[in-house]
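Structure record follows, encoded as structure tokens.
The values are calculated or read from the model by the stated rules, or taken from the named source; none is laboratory data. As the structure is a prediction and not an experimental result, all values here were calculated from the model. A quick note on method: Cβ atoms are made from the backbone with ideal geometry, for glycine too, and the neighbour counts reach across all protein chains shown. Just the protein is used for accessible areas: all its heavy atoms, side chains included, with ligands, DNA and RNA removed. Shrake-Rupley method; radii C 1.70, N 1.55, O 1.52, S 1.80 Å.
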Amino acid sequence: DTGVSQDPRHKITKRGQNVTFRCDPISEHNRLYWYRQTLGQGPEFLTYFQNEAQLEKSRLLSDRFSAERPKGSFSTLEIQRTEQGDSAMYLCASSRRGIYEQYFGPGTRLTVT
Amino acid sequence: DAKTTQPPSMDCAEGRAANLPCNHSTISGNEYVYWYRQIHSQGPQYIIHGLKNNETNEMASLIITEDRKSSTLILPHATLRDTAVYYCIVRANAGGTSYGKLTFGQGTILTVHP
């Protein structure tokens, strides 16, 4: 257990539905990252927050994806109108400024049917 | 960030040292070498990182060649629980515009067998 928690751990949804995932980072970590991982591939960067500011978004993050970190603590990732191609593991990681390593949560596995 | 090349898979006997190579021939002077691993169905786990000197911690040792174009992660006494995908990542210091994001390749699947 790294101290980063994600909820839910598994989500099955029908195509077209909206889903929201939550990440709770380690409390003193001001940096928060979202990654996506499909089967057999390494994680791919989606977006990054420093405190409550979203400072970088990958081109992978289409208009259907939105992420927030309203008070600089927990973060949510919402996918609207899910598609089968959204099926993946969504990973959250956190780190502290000046500290090099990122601590990953267990991930949320999304299955879109 | 510089790209890395790793063998797709390796085997190791339990109790023996596992030596995982990584090529990063285009590494820049300010880029660090990081190693993470991912055990099945878990999030990646940080192992170690280094700039140019060899590094050792409780999990592993990192040997970086003098020209910094390649490195080797050493697990000195591999156990069955070390079976995982090992990722070698090159990344600049978490400043400037990189924001510290990690760019993962496909990694090396290390299988430790009895």
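Using only protein heavy atoms and a 1.4 angstrom probe, determine the accessible area buried between A and B, summed over both sides, in Å² to the nearest 100. What A and B bury together is about 1800 Å². In this Cβ point-charge picture (+1 for Lys and Arg, -1 for Asp and Glu), the protein assembly as shown has a dipole of about 540 debye about its Cα centre. Springs join every pair of Cα atoms under 10 Å in this Gaussian network model of chain B, and among B:Glu14, B:Glu66, B:Glu58 the largest mean-square fluctuation is at B:Glu58.
For the set B:Ser61, A:Ser94, B:Ser41, solvent exposure ranked by accessible area (probe 1.4 Å, protein chains only) runs largest to smallest as B:Ser41, B:Ser61, A:Ser94. What you get for chain A, charging only the Cβ of Lys and Arg (+1) and of Asp and Glu (-1), is a dipole of about 240 debye around the Cα centre. Note on the stretch A:7-113: Cα Rg divided by 2.2 N^0.38 Å, N the number of residues, gives 1.01. Most tightly packed first, judged by the mean number of other beta-carbon atoms within 10 Å of their residues, the peptides A:69-77, B:82-90, A:27-35 read B:82-90, A:27-35, A:69-77. Counting only protein heavy atoms and a 1.4 Å probe, chain B has 50 square angstrom of accessible area per residue. Highest average first, the peptides B:70-78, B:32-40, B:3-11 ordered by how many other beta carbon atoms sit within 10 Å of their residues are B:32-40, B:70-78, B:3-11. Taking the protein assembly as shown as a whole, which cysteines find no other cysteine Cβ under 4.7 angstrom from their Cβ? Within the protein assembly as shown, the cysteines lacking a partner Cβ under 4.7 Å are B:Cys12.
Taking every protein chain into account, the accessible area of chain A amounts to 51 square angstrom per residue (probe 1.4 Å).
Summing Cβ point charges (Lys, Arg +1; Asp, Glu -1) relative to the Cα centre of the stretch B:33-114 gives a dipole of roughly 220 debye.
Of all DSSP-defined beta bridges confined to the stretch B:21-114, some 100% are antiparallel rather than parallel. Inter-chain neighbour count for A:102-112: the average number of beta-carbon atoms from partner chains within 10 Å of each residue's beta-carbon is 3. Measuring nothing but protein heavy atoms, the accessible surface of the protein assembly as shown at 1.4 Å probe radius is 46 percent carbon and sulfur.
For the protein assembly as shown, list log₁₀ I(q)/I(0) at each q in 0.13 Å⁻¹, using the Debye formula over Cα point scatterers of equal strength and ignoring solvent, two decimals each. Those come out to -0.77, one per q.
Taken as Cα centroids, the stretch B:1-61 and the stretch A:90-110 sit 18 Å apart, rounded to the nearest whole angstrom.
Sorting the Cα pairs of chain B by distance into bins of 10 Å, from 0 upward, gives 15, 49, 30, 6, 0 percent per bin. Distance between the 7 Å Cα→Cβ label points at A:Arg59 and B:Lys52: 3.4 nm. Here the protein assembly as shown carries DSSP beta bridges of which approximately 90% are antiparallel, counting only pairs with both residues inside.
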